[in-house]
1. Can you tell me, using C-alpha contacts under 8 Å and at least 6 residues apart, the relative contact order of the range 49-110 as a whole percent?
2. On average over all directions, what projected area in square nanometres does the chain have, based on the convex hull of its Cα atoms?
3. Averaged per residue, what accessible surface does the range 1-104 expose to a 1.4 Å probe, in Å²?
4. Solvent-accessible area of Arg93, probe 1.4 Å, all protein chains present, reported in Å² to the nearest ten, please.
5. Could you tell me what percent of the accessible area of the chain is made up of carbon and sulfur, with a 1.4 Å probe and every protein chain present?
6. In Å, what Rg and Dmax follow from the Cα atoms of the range 81-207?
7. Could you tell me which of Asn81, Met58, Gln96 has its Cα farthest along the dipole of the range 1-136 towards the positive end, charges placed at Cβ (Lys, Arg +1; Asp, Glu -1), taken about the Cα centre?
8. If the only charges are +1 at each Lys and Arg Cβ and -1 at each Asp and Glu Cβ, what is the size of the charge dipole of the range 1-115 around the Cα centre, to the nearest 20 debye?
Amino acid sequence: MDAALQNAVQALKHARRVTVLTGAGVSKESGVPTYRDALTGLWANYSFEDLASPQGYMRDPAMVWDWYEERRSQLKVVQPNPGHIALAQLAARYDQFLLITQNVDDLHERGGSSDVIHLHGHLMLTRCFSDCRGNPTRIEPKDYVMRDTSPPLCPYCGRWLRPDVVWFTEMLPQADFQRAQKASLSCDVMLVVGTSAMVYPAASLPSLADAAGAVVIEVNPEPTDISHLAGIHLRGPSGEILPQLVGALDA
Ligand code: BV8
């Protein structure tokens, strides 16, 4: 076992409170493209902010809705990978554990994790663009008012439907983000897995953990914007590293 992995195992063995922050990299080995490589093919000519923003939606709701529908259909045919499963196993070892994700997929839950904080929402959920019956007004596909063009309409108010995700320039769910900040400030170890740490305010969480004296462990094949904060770098794919890490805790 290399020195970095040994150090990570020791830090986790001595920890009482563990917080994990994940990004798209943790789902890469399930076949879900990361944001850095997602805009290919049909969407290659758009910037992510064009598609994942209220302005982008109002500019071309049919195109943006269809982009989300394509991502939903992709998600339905992929499975959680050993990295998702290892994080669920890790949670079982601690009384104080919180998994915070920037991902909008449901692979952490399908991999066995519960009480996951989704800072940027849920790809598979749909809500009324106007939240006409309170925030959020979630609408099941069976209740969509379909028409000859996308997006479908809200059965209550007749306005557009939208994916229940947080778009650029939209506020994060306040209670969730406050809970994430608290868990970052109070943990002994923060595991940062598969994120380029470029999107704020989610990317500020490792700085909070570091400032509060936590050991920050980064699991990523590449260096990132928070590598300087991490005391331990596990350079490689999370689908291989996380099972090794959790397996070594039992040794
Ligand atoms: C906000 C949901 C307050 C949608 C997402 C100007 C005006 C307005 C706002 C801003 C502005 N300038 C900056 C901002 C703030 C803005 C921001 O941060 N912009 C960035 C681009 C600079 N943030 C916001 O707007 C947020 N709201 O600030 O509200 C406000 C309000 C009004 C005005 C001002 C402020 C809302 C941000 C949420 C956006 N929604 N997703 C959807 O998915 O469709 S963001 C989305 O992109 C993800 O959720 C994630 O957060 C981000 C992608 O990052 P990663 O997950 O890290 O993925 P990435 O591909 O980048 O990296 C993958 C990593 O994995 C890499 O490091 C790679 O090496 C690694 N990897 C690869 N393979 C593996 C691996 N790791 C492990 N194993 C492997 N096998």
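The values are calculated or read from the model by the stated rules, or taken from the named source; none is laboratory data. Treat the numbers as computed from the prediction; the structure is a model and nothing was measured. Every residue, glycine as well, gets a Cβ built from its backbone with ideal geometry; the counts of neighbours run over all protein chains shown. Please note that ligands, DNA and RNA were not included when accessible areas were found on the heavy atoms of the full protein model with its side chains. Shrake-Rupley method; radii C 1.70, N 1.55, O 1.52, S 1.80 Å.
1. Working: 21 pairs, mean separation 17.1, N = 62.
Once normalised by length, the contact order is 28 percent.
2. On the way: hull surface 54.2 nm².
Projected over every direction and averaged, the Cα hull of the chain covers 13.5 nm².
3. Values: 4990 Å² over 104 residues.
Per residue, the range 1-104 has 48 Å² of solvent-accessible surface.
4. Its heavy atoms expose roughly 100 Å² to the probe.
5. On the way: 6090 of 11860 Å².
It is 51 percent, rounded to a whole number.
6. Gyration radius and largest Cα-Cα distance of the range 81-207: 16.8, 54 Å.
7. Gln96
8. Numbers: 11 positive and 14 negative charges, 100 e Å.
For this selection, approximately 480 debye.
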